Amino acid sequence: HYEALVSPILGPLFTYLHMRLSQKWQVINQRSLLCGEDETTDENPESQEMLEEQLVRMLTREVMDLISKWRGNQG
């Protein structure tokens with residue numbers, strides 16, 4: 001009964017999360033490429049960037065765990 005209500009929502013939710021995480025990872029990857037060229041940045045923006053990358057990593061891991069659990073319940 002619960003799965004019948006939640007399953008239709010999870011597909012679009014996973015699609016949305018994938019899109020947002022992909023955008024965040026693209027920004028992080030571009031920033032890391034540019035970081036090698038620009039060594040004159042302040043320490044504060046770098047620590048902010050590091051924090052953002054850690055948060056995106058944790059969120060990605062949580063989403064993957066959620067997808068794994070959901071798929072395990074499907075089969």
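See the values below:
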quantity	calculated
Residue pairs meeting the criteria (Cβ under 6 Å; at least 6 apart or on separate chains; first under 22 Å from Leu51 (Cα atoms), in region 7-35; second in a helix (DSSP H, G or I) and of a type in the set (S, T, N, Q))	Leu21/Thr60
Residues that are among the β-branched types (Val, Ile, Thr), closer than 24 Å to Asn73 by Cα and modelled with pLDDT of 80 or more, drawn from region 1-34	Ile9, Thr15
Residue ID - modelled with the lowest pLDDT, chosen from residues in region 35-67 that are surrounded by fewer than 10 Cβ atoms within 10 Å (Cβ to Cβ) and in a helix (DSSP H, G or I)	Glu43
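The values are calculated or read from the model by the stated rules, or taken from the named source; none is laboratory data. Predicted, not measured: the structure shown is a model, and the values here were computed from it. Reconstructed Cβ throughout: ideal geometry from the backbone, glycine too, with neighbour counts over all protein chains shown.
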